[in-house]
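**Q** The structure is given below, and queries will be raised subsequently.
Here, each number is a calculation from the coordinates, and none is a lab measurement. If you're wondering where the values come from, they're calculated on a predicted model, not measured in any experiment. Because the Cβ atoms are built from the backbone with ideal geometry, glycine has one as well, and the counts that use them run over all protein chains shown.
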Amino acid sequence: MRQMDMSVEGVFRKNGNIRRLKELADAFDKQAQAPSLDDENPVQVAALLKKFLRELPDPLLTSKLQRLWIASQSLHPSVTRANE
């Protein structure tokens, strides 16, 4: 996505083409090698990423880690993980 034109506003708020999203997801599931996304627009790639994250069996940030995550946002930038 970083290599694409990211001047599209609200790229993660838009849905993309549902039929094409299904085709891409099926291609990732069935092919041994990942299909190229070079010809896809940023909205479609963002929709594919959102679909992947939604369908993960477990959340990336569990409720157990929520307080730690929020606390980490208030750390001063000079504080590094090695100091914790």
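**Q** Just grab the label-to-label distance for Ser74 and Lys51, each label 7 Å out from Cα along the Cβ direction, in nm (one decimal).
**A** 4.0
**Q** Suppose every K and R has +1 on its Cβ and every D and E has -1 on its Cβ; what is the size of the dipole of the range 18-83 about the Cα centre, in Debye to the nearest 20? Show your work: numbers first, answer last.
**A** On the way: 10 positive and 8 negative charges, 79 e Å.
In debye, rounded to 20, the range 18-83 gives about 380.
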